[in-house]
Amino acid sequence: METVNKAGQTLAFIHDKSPIVDIIYNDLTNLGFEILYRSEHIEDGITQLSALKPLPEVCIIDLDFYDKNILAQLQKLRTQYPTIKLIAHSDIDTEKAVNQLLEIGFDSYLLIGSDADDFKKAIEGVSNGGRYFSVGVAKIAQEYYDRN
């Protein structure tokens, strides 16, 4: 199936300040994606989402698994905004971390080091009802979906 960036496709970014994410943000903007907002923390992101009409189609979240409340915050985000497609961006490639995010309802998981092309493929994939995973976590995701 060919995926095509829909004109004006909307995104949100929740991430810590990072020059790498800034580059990806700029690249995606140049590719025609409309980024509705950027937030540094999930709780701030949830607050910003409540003010948006319409909601973004996709939310890219740079995950900090050292925050003990991260999973509860992500579950809250998913519960309040079930129609937004979620893409994880993390350096953690353990089975436990990936499975926890898939349980919450993430549609994609990109490892740190993914470039703008990977993000574009992930955004287009989830927007078209698919999934996209970095090579380093693809096997874990496949095993999860085989079990569920």
**OP:** Determine which single condition THR83 fails, assuming it passes every other condition in (1) without any contact (Cβ under 8 Å) to a residue 12 or more places away in the chain; (2) more than 23 Å from ILE20 (Cβ to Cβ).
**Re:** (1)
**OP:** For VAL4, work out the one condition from (1) under 18 Å from LYS120 (Cβ atoms); (2) modelled with pLDDT of 90 or more; (3) surrounded by fewer than 14 Cβ atoms within 10 Å (Cβ to Cβ) it doesn't fulfil.
**Re:** (2)
Subject >> Selection within segment 11-57 - among the aromatic types (Phe, Trp, Tyr), closer than 24 Å to THR79 by Cα and either assigned to a helix (DSSP H, G or I) or touching an Asp or Glu at 6+ places or on another chain (Cβ under 9 Å) (or both) >> reply: PHE13
Subject >> Inter-residue pairs, beta-carbon under 6 Å, first touching a residue at least 40 places away in the same chain (Cβ under 8 Å) and of a type in the set (A, V, I, L, M) and in segment 118-138, second part of a loop (DSSP other than H, G, I, E, B) and crowded, with 21+ Cβ neighbours inside 10 Å, 6+ apart >> reply: VAL126/ASP107
Original post:
Quick one: LEU63 ticks every box in (1) modelled with pLDDT under 95; (2) surrounded by 13 or more Cβ atoms within 10 Å (Cβ to Cβ); (3) farther than 16 Å from PHE13 by Cβ; (4) not small (Gly, Ala, Ser) bar one, so which box is it?
Top reply: (3)
**OP:** Check segment 108-116 and report whether any residue there is modelled with pLDDT of 95 or more, touching a strand residue (DSSP E or B) at 6+ places or on another chain (Cβ under 8 Å) and surrounded by fewer than 17 Cβ atoms within 10 Å (Cβ to Cβ).
**Re:** no
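The values are calculated or read from the model by the stated rules, or taken from the named source; none is laboratory data. None of these values were measured; they are calculated from a predicted model. Every residue, glycine among them, receives a Cβ derived from its backbone with ideal geometry; neighbour counts consider all protein chains shown.
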